[in-house]
Amino acid sequence: MAVAILLSATLAFALGWLWYSPKMFGLVWREAIGKAEGPPEESLAKFLVTFIGWVVAAFVYSFLISNAYIEGFRDYM
């Protein structure tokens, strides 16, 4: 289960990084929040805190799913 948690946290982090990159929506997002001038502020600490947040979120989601006693989609049909 630890591999699944780390994999999902890594994929969520990578998707967020891609989404807010200047090649996709990063420039529009920075303009919308009023920080259009200057280079983006990137630091290892911000990336690390964000990744740890995704790991915690993935752990909580896996805990909720494993304790919900859901066997599959047939439980809801």
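For helix 44-66, report the angle its Cα long axis makes with the longest principal axis of the Cα atoms of the chain; keep it between 0 and 90° and round to the nearest 10°.
Between the helix axis and the principal axis of the chain, the angle is about 20 degrees.
First obtain the Kirkwood hydrodynamic radius of segment 23-65 from its Cα pairs, then insert it into the Stokes-Einstein equation at 25 °C and 0.890 mPa s, and state the resulting D in µm² per second as a whole number.
After rounding, the answer is 194 µm²/s.
Run the helix sum for the chain: -39,500 (n - 2.57) per DSSP H stretch of 4+ residues, divided by residue count, reported at 222 nm to the nearest 500 deg cm²/dmol.
Per the formula, -20500 deg cm²/dmol.
In terms of the ratio Rg/(2.2 N^0.38 Å) built on C-alpha atoms, what value belongs to the chain?
Here the Cα radius of gyration is 1.48 times the empirical estimate.
Can you give me the long-range amide H partners of Phe25? Hydrogens built in the peptide plane at 1.01 Å from N, cutoff under 5 Å, separation of 5 or more residues or another chain.
Answer set, sorted by chain and number: none.
Taking only Cα atoms, what is the 0 to 90° angle, nearest 10, from helix 2-19's long axis to the longest principal axis of the chain?
30 degrees
Probe of 1.4 angstrom, ligands and nucleic acids ignored: what's the accessible area per residue over the chain, in square angstrom?
89 Å²
The values are calculated or read from the model by the stated rules, or taken from the named source; none is laboratory data. Quick caveat, the model's predicted, so the values are computed rather than measured. Areas reflect the complete protein model, heavy atoms only, side chains present, ligands, DNA and RNA absent. Shrake-Rupley method; radii C 1.70, N 1.55, O 1.52, S 1.80 Å.
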